[in-house]
Amino acid sequence: MRESRFVDAMLYDGLSSDEHEVVLEFTPTKRIKIEKFGIDVAFDEVQISSRLASTPRILKFSNKVVVKTIQNDTIDEIIEQLYNNEQMVHKIEKSWIWTIVSLLFMVLFIGFLLTQGSSFGAKFIADKLPADSLDKISQISLEQMVSSDMLKPTKLSLNQKRTIQSHFDRLANGDKKYKLHFYSAPDIGANAFALPSGDIVLTDQLVAKSKDDNFIDIMGVLAHEKGHVVKKHSLQGAIKSGILASIVGYISGDVTSIAVALPTLLIENGYSREFEEEADRYAVIELSKLGVEIRPMAELFKELGKEEMNATSADKYFSTHPLTEDRVKFFNKFIN
């Protein structure tokens, strides 16, 4: 560039919200001058935003001064003349080949997520969602189940609730995110399930299956459900069931689609074999740390598995927590 180039712009001095009309001078010696404000700096000291279509270009100076201009073509010409190197973002934008390749990649990526990659995508999104999103998902899901009469007020006695709550408090170990909710659920039956926030629902019908006056077996169930929270199983399952909507929700910050899918997963579809076995192992480790016997939990799970063969759908705990042969063998270790 043999002579200076000039660009009209708006300047923000960082001291007020006022806009100032200015003229930028780009010199052949690679300096940027704004005479009106006495600015004279090296070109390399100024951050220039990449071009994206007709979006105004932003120039950031080290003294907190920000300049905005819509003369994108002139800025591109100046950069190219000074460095003979057009910015990559604009190159890609102008290239039909890159556009086609990008679209093809997106199609293949979405196809991968819908088939082989849905588990990976679900885990990625589950790990990235912030705590307030988990609270929102869980609140919406729980409200859905209560408003639809899936969950009704508990009929457990005060002593029963106190005993079970004391076990749960030991498992929570002071972590306030974990909360236990007692509900009667005639339509759901004997069940317990964990929401992503750490809220765990226990039905009266499952408590009625307990063979232990101190409800140590129920404590085992709650440890198992806590494992689902820690490993984010319910969240991953809900995301996986609607992976595309979940991706959009993750990007936009709207997690409603995940919350809507969660009750169906918890009540009807249930967990995968891998998730159940992982939660079993977590429960055993947690109970062992607390010095609690594993046998009551193992016996309850095995008994529920036997009842499954002749039970109605309303009594099927293992319809949502599948009892596989490997799980039976795992529990037998603590019974025999």
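List of remarks:
- Residue match in the stretch 200-208 (condition: of a type in the set (D, E, K, R), assigned by TED's automatic domain parsing to the domain that holds K136, in contact (Cβ under 8 Å) with a residue 40 or more places away in the chain and in a strand (DSSP E or B)): no
- The set of residues in the stretch 25-50 that are within 24 Å of R2 (Cβ to Cβ) and basic (K, R) comprises K30, R31, K33.
- Cβ pairs under 7 Å, 6+ apart, first in the stretch 148-175 and hydrophobic (A, V, I, L, M, F, W, C), second surrounded by fewer than 15 Cβ atoms within 10 Å (Cβ to Cβ) and not in a helix (DSSP H, G or I): M150/D187
- Of all residues in the stretch 132-152 being polar (S, T, N, Q) and buried (at least 20 other Cβ atoms within 10 Å of the Cβ), the one that is nearest to I188 (Cα to Cα): S141
- The stretch 295-316: number of residues that are at pLDDT below 55 and either surrounded by 13 or more Cβ atoms within 10 Å (Cβ to Cβ) or of a type in the set (F, W, Y) (or both): 4
- Checking each residue in the stretch 184-231 for being among the aromatic types (F, W, Y) and either touching a Ser or Thr at 6+ places or on another chain (Cβ under 6 Å) or surrounded by fewer than 22 Cβ atoms within 10 Å (Cβ to Cβ) (or both) picks out only F215.
- Checking H167 against (1) modelled with pLDDT under 90; (2) out of contact with any strand residue (DSSP E or B) (no Cβ under 8 Å at 6 or more places or on another chain); (3) surrounded by 17 or more Cβ atoms within 10 Å (Cβ to Cβ), the condition it does not meet: (1)
- Within the stretch 43-59, one or more residues are out of contact with any Lys or Arg (no Cβ under 8 Å at 6 or more places or on another chain) and among the β-branched types (V, I, T).
- Sole residue being within 27 Å of G174 (Cβ to Cβ) and either basic (K, R) or at pLDDT 60 or above (or both), chosen from G227, G270: G227
- Among residues of the stretch 101-150, those that are at pLDDT below 70 and assigned to a loop (DSSP other than H, G, I, E, B), counted: 5
- Selection within the stretch 162-183 - part of a helix (DSSP H, G or I) and more than 22 Å from D132 (Cα to Cα): R162, T163, I164, Q165, S166, H167, F168, D169, R170, L171
The values are calculated or read from the model by the stated rules, or taken from the named source; none is laboratory data. Small disclaimer: the values here were computed from a predicted structure and weren't measured. Glycine also receives a Cβ, built like all others from the backbone with ideal geometry; neighbour counts cover every protein chain displayed.
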